[in-house]
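The values are calculated or read from the model by the stated rules, or taken from the named source; none is laboratory data. Everything numeric in this text was worked out from a predicted model, so none of it was measured. Cβ placement follows ideal geometry from the backbone for every residue including glycine, while neighbour counts extend to all protein chains displayed. What goes into the accessible areas is simple: the full protein's heavy atoms, side chains included, and nothing from ligands, DNA or RNA. Shrake-Rupley method; radii C 1.70, N 1.55, O 1.52, S 1.80 Å.
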Amino acid sequence: MISLTRVSVEYGDKVKPLDDVSHTFLAGTTAVTGPSGSGKSTLLRLIAGVQSPKAGTVAIDGEPVGRASWFSAGDPRVSVIYQDHRLVPFLTVAQNLSLAVESRGAKSSADQAEAALARVGLPSSTSHRFPGSMSSGEQQRVAVARALAVGSPVLVADEPTGALDAENTARITDVLLELGQSGDLTVIVATHDMSVAERMDQRIGLGAGRLLVAA
Ligand code: ADP
Ligand code: MG
């Protein structure tokens, strides 16, 4: 469970994307919607612990997320998926996964990589491929597998389907929904694609500094 308590973020004196916002994210999938500039990415950065709010607290299971600093890659309980997959092009898929795991101080294994790839519907032979030999939809699935391999209980995805066609958008959405339904993950997806948002368990909307829970 992720809780935001009276959170505010200000950029300069005028831009206030979050103004005294409180919300509890439950396990399962939540879509964060809102027009460009409404604060979706800001909200995800707060949850990931790579940005600190000006006021208020963000906590996961009652423990505050680590304070953002130049020396921190964010809270280890959260993995982030970006619009562009951000795979390292000169490493194989397996190496991309083990790099992520080992950079968090854990030991990687081929079994763990295979299991993560299987969860996103990719065969184990994918391990030996380089990102550049794969379609953008496949690369995004590898990015989701990399987030899973790390083992964080929270997955935040910032416009994960923003660069994909309709078919791959549906596939990545299927994967995110399955992960949310597995019961052990909290999945938060910022999107302006209503076909993605309407499939999630819960929806919240951002705008003018406020957070609204949608039907
Ligand atoms: P969204 O992801 O919904 O498009 P963002 O969270 O990226 O929204 O941005 C919310 C608002 O905050 C926008 O007006 C944006 O220009 C501004 N903003 C975001 N990051 C910064 C920053 N580092 N410095 C100044 N303004 C920022
Ligand atoms: Mg954004």
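Listing for the model above:
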| item | result |
| --- | --- |
| Segment 26-43, subset surrounded by 22 or more Cβ atoms within 10 Å (Cβ to Cβ) and closer than 19 Å to residue 155 by Cβ, residue farthest from ligand 1 (Cβ to nearest atom) | 29 |
| Selected residue [buried (at least 16 other Cβ atoms within 10 Å of the Cβ) and either under 23 Å from residue 206 (Cβ atoms) or among the aliphatic types (A, V, I, L, M) (or both)] from 12, 56, 66 | 56 |
| Residue 213 within 16 Å of ligand 1 (Cβ to nearest atom) and either under 19 Å from residue 39 (Cα atoms) or surrounded by fewer than 22 Cβ atoms within 10 Å (Cβ to Cβ) (or both) | no |
| Test: residue in segment 87-104 that is within 25 Å of residue 162 (Cβ to Cβ), in contact (Cβ under 8 Å) with a residue 12 or more places away in the chain, within 16 Å of ligand 2 (Cβ to nearest atom) and of a type outside the set (Ser, Thr, Tyr) | no |
| Failed item, numbered, when residue 5 is tested on (1) more than 25 Å from residue 200 (Cβ to Cβ); (2) open to solvent by 10 Å² or more (accessible area, probe 1.4 Å); (3) away from ligand 2 (no atom under 16 Å from the Cβ) | (1) |
| Residue pairs meeting the criteria (Cβ under 8 Å; at least 6 apart or on separate chains; first touching a residue at least 40 places away in the same chain (Cβ under 8 Å) and closer than 24 Å to residue 26 by Cα, in segment 146-170; second of a type in the set (D, E, K, R) and more than 16 Å from ligand 1 (Cβ to nearest atom)) | 148/119; 150/104; 152/77; 153/77; 153/184; 154/77 |
| Residue within segment 36-51 that is away from ligand 2 (no atom under 16 Å from the Cβ) and within 25 Å of residue 162 (Cα to Cα) present | yes |
| Count of segment 11-57 residues which are farther than 18 Å from residue 208 by Cβ, hydroxyl-bearing (Ser, Thr, Tyr) and in contact with a Gly (Cβ under 8 Å, 6 or more places away or on another chain) | 1 |
| Residue 196 being within 18 Å of residue 35 (Cβ to Cβ), surrounded by fewer than 17 Cβ atoms within 10 Å (Cβ to Cβ) and of a type outside the set (Lys, Arg) | no |
| Unique match (being within 16 Å of ligand 1 (Cβ to nearest atom) and in contact with a Lys or Arg (Cβ under 7 Å, 6 or more places away or on another chain)) among 157, 163, 197 | 197 |
| Segment 5-52, subset basic (Lys, Arg) and at pLDDT 95 or above, residue nearest to the chain's Cα centre (by Cα) | 45 |
| Any helices (runs of 4 or more DSSP H) falling wholly within segment 109-215 and containing at least 3 residues that are within 16 Å of ligand 2 (Cβ to nearest atom) and farther than 30 Å from residue 8 by Cβ | none |
| Pick from segment 15-25, criterion among the hydrophobic types (A, V, I, L, M, F, W, C) and more than 21 Å from residue 184 (Cα to Cα), ranking: surrounded by the most Cβ atoms within 10 Å (Cβ to Cβ) | 18 |
